[in-house]
1. Which of the residues that make up region 170-203 are free of Cβ contacts under 8 Å to residues at least 40 places away in the same chain, of a type in the set (Gly, Ala, Ser) and surrounded by fewer than 22 Cβ atoms within 10 Å (Cβ to Cβ)?
2. Note down all Cβ pairs under 9 Å where the first residue falls in region 29-40 and is more than 15 Å from ARG9 (Cβ to Cβ), the second is charged (D, E, K, R), and they're at least six residues apart or on different chains.
3. In region 41-84, which residues are assigned to a helix (DSSP H, G or I) and surrounded by fewer than 17 Cβ atoms within 10 Å (Cβ to Cβ)?
4. Considering only residues that are part of a helix (DSSP H, G or I) and either touching an Asp or Glu at 6+ places or on another chain (Cβ under 9 Å) or surrounded by 15 or more Cβ atoms within 10 Å (Cβ to Cβ) (or both), which ones fall in region 153-167?
5. State all residues of region 181-228 that are charged (D, E, K, R) and under 21 Å from HIS161 (Cα atoms); if no residue qualifies, say none.
6. Which members of region 119-146 meet the condition of being buried (at least 20 other Cβ atoms within 10 Å of the Cβ) and within 27 Å of SER105 (Cα to Cα)?
7. Of all residues in region 158-176, which are under 26 Å from LEU194 (Cα atoms) and either within 18 Å of the chain's Cα centre (by Cα) or at pLDDT below 95 (or both)?
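The values are calculated or read from the model by the stated rules, or taken from the named source; none is laboratory data. The structure presented is a predicted model; accordingly, all values stated were derived computationally and were not measured. Because the Cβ atoms are built from the backbone with ideal geometry, glycine has one as well, and the counts that use them run over all protein chains shown.
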Amino acid sequence: MTTLANVLRQGDHGAAVRSLQTALNTFGAAVSADGWFGPATTSAVMDVQQHFGLVVDGIAGAKTQQALASGARAPGHLTAADLVSAADKLGIELAVVRAVNEVESLGCGFLPDGRPVILFERHIMYREVGTAGLDALALAERYPNLVNQKRGGYVGGAGEHKRLADASTIHRPSALSSASWGAFQIMAYHWKRLGYESVEAFTDLMRAGEAAQLDAFVRFVLEDPALLKAMKGRKWATVAELFNGKDFAANLYDVKLDRAYDKYTALKVAA
């Protein structure tokens, strides 16, 4: 199948949408390959997602495109059943979990090379090495891009694994604890509070699959009564602030959550 854009959704148009529609028709759909991602294309995408056991959202991201190309869901990708399980554990509506997954996750918890998505935080590394009894100031002077009182130094993508590897030569537990992991970017320093045996155990599970990454998010919510209450009550501004920080409104996280919830409530997607 022709390589498509990373994420395609209703309202998009162009050659990438036409390629998607052609692939959907090869799979068995009957949509017009007109390059316009309308309701019929959304419905066809949802049929494909349900067939492969993927999260059913009508959005043709990398996972859906990969399943169409290969004829199978890739091992480790999140499933619709995983979201049902998360909703049960949290005691909240499935539509809420679907909305949070769409808006707050990165869409895919893994890089194209199979490693989990991470973001290394040098200001957390500064704190962690100090807690471990090392001289944080001296390390910051020597490795300012890895140990620093100020956040920053990001390179993104696979480059974050290089930063983590370099930081691990200073103090591995501190380095692992200083990265956020997976689709929901849970900081590893929470490992003990979330019930993991060690930071190594946490990061090993984040490498195992998106279901484990979702479980880390579920544990995170269960350990934050205010966040859980806000999710149950659909207080989207509170959910967005507690998960993204006080600047959440700049990215319209609360608006996106509200719209996503309405979408999933209306769709009544099968589990």
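1. Correct list: GLY195, SER198, ALA201.
2. What qualifies is ALA29/ASP47; ALA33/ARG18; ASP34/ARG18.
3. Selection gives SER43, ASP47, GLN50, HIS51, ALA69, SER70, ALA81, VAL84.
4. Passing the criteria: GLU160, HIS161, ARG163, LEU164, ALA167.
5. First pass over region 181-228, keeping only residues charged (D, E, K, R): 192-193, 197, 200, 204, 207, 210, 215, 219, 223-224.
GLU200, ASP204, ARG207, GLU210, listed by residue number.
6. Selection gives PHE120, GLU121, ARG122, ILE124, MET125, TYR126, GLU128, LEU146.
7. GLU160, HIS161
Residue-wise test of (1) farther than 22 Å from VAL147 by Cβ; (2) in a helix (DSSP H, G or I).
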{"position": "ARG193", "(1), (2)": "yes, no"}
{"position": "PHE202", "(1), (2)": "no, yes"}
{"position": "ALA211", "(1), (2)": "yes, yes"}
{"position": "PHE217", "(1), (2)": "yes, yes"}
{"position": "VAL221", "(1), (2)": "yes, yes"}
